[in-house]
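Okay, so here's the structure we're looking at.
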Amino acid sequence: MNHASIKSARLQRVLKVLSDKREHSTLEIMTRAKAPAVSAIISELRCIGAKIDCTRRSDGPNGEPRWYYKMTKGPRTDG
């Protein structure tokens with residue numbers, strides 16, 4: 001997989017949201033980072049060394065699944 005550099009604006013926006021090391025839903029990340037392809041950006045961050053946990057919960061409307069991401073280690077700065 002090709003991935004963007006850590007200097008990428010979209011990666012930086014998502015990284016800023018995740019930098020508090022708390023859980024954030026896909027929708028929250030999309031909204032706060034203005035990033036429509038959250039799972040792809042998470043994959044790119046992982047490719048450059050970030051450790052990001054993903055949890056699925058059925059806490060949406062009518063028990064629909066939602067995905068939550070939590071960064072436990074940031075990416076390499078030379079990514």
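The values are calculated or read from the model by the stated rules, or taken from the named source; none is laboratory data. These figures come from a predicted structure and were not determined experimentally. Ideal geometry is used to build each Cβ from the backbone, glycine not excepted, and the neighbour counts take in all protein chains shown. Side chains are part of the model used for accessible areas, which takes the heavy atoms of the whole protein and leaves out ligands, DNA and RNA. Shrake-Rupley method; radii C 1.70, N 1.55, O 1.52, S 1.80 Å.
Scanning segment 55-78 for residues that are open to solvent by 60 Å² or more (accessible area, probe 1.4 Å) and of a type in the set (A, V, I, L, M, F, W, C) turns up just one, W67. Restricting I29, I52, I42, I48 to residues that are of a type in the set (A, V, I, L, M), open to solvent by less than 30 Å² (accessible area, probe 1.4 Å) and modelled with pLDDT under 95 narrows the list to I48.
Taking residues in segment 17-40 that are hydrophobic (A, V, I, L, M, F, W, C), and partners anywhere that are open to solvent by 70 Å² or more (accessible area, probe 1.4 Å) and in a helix (DSSP H, G or I), the pairs with Cβ atoms closer than 8 Å and at least 6 places apart or on different chains are V17/R32; A33/R10; A33/R13; A33/K16; A35/R10; A35/R13; V38/M30.
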